[in-house]
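To start, the structure itself, in structure tokens.
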Amino acid sequence: MKFRVEVDCTPVEARQFVGLPNVEPLQAAVMAEVERRMMAEMDRFSPDAIMRSWFTVFPQNADQMQTMFLKMFQQGFGGTASPPAKPDSRPKSET
């Protein structure tokens, strides 16, 4: 024997029927606080602010920083910092 029950209700009505608390006001308050904090800290993550913080950590000139990033990207993507050595083109002698 098979029973099938269809219930047509909103999520709020289902939560009330099961006895779960209404968390919509709490969610709205938390999301408003998250948004406020993100907007307050947004200027710290601008490209200009990030570059200034990098140059204070690395006071060397920009060429050294460019070389450092080049090496990091080459190592990360499987490249090498220098061109690979050419294989020996001499024929091998048979023994």
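The values are calculated or read from the model by the stated rules, or taken from the named source; none is laboratory data. The shown structure was predicted, so the numbers you read here are calculated from the model rather than taken from an experiment. In this analysis, Cβ positions are derived from the backbone assuming ideal geometry, glycine residues included, and neighbour counts consider all displayed protein chains. We work out accessible area using only protein heavy atoms, side chains counted, and drop any ligands, DNA or RNA first. Shrake-Rupley method; radii C 1.70, N 1.55, O 1.52, S 1.80 Å.
In the set (1) within 21 Å of the chain's Cα centre (by Cα); (2) modelled with pLDDT of 75 or more, Ser53 fails one condition alone, (2). Beta carbons closer than 7 Å, at least 6 apart along the sequence or on distinct chains, pair a first residue in the stretch 57-78 that is modelled with pLDDT of 70 or more with a second that is assigned to a loop (DSSP other than H, G, I, E, B) for Met65/Phe58; Lys71/Ala81; Gln74/Thr80; Gln74/Ala81. Beta carbons closer than 8 Å, at least 6 apart along the sequence or on distinct chains, pair a first residue in the stretch 19-32 that is modelled with pLDDT under 95 with a second that is open to solvent by 90 Å² or more (accessible area, probe 1.4 Å) for Asn22/Gln16.
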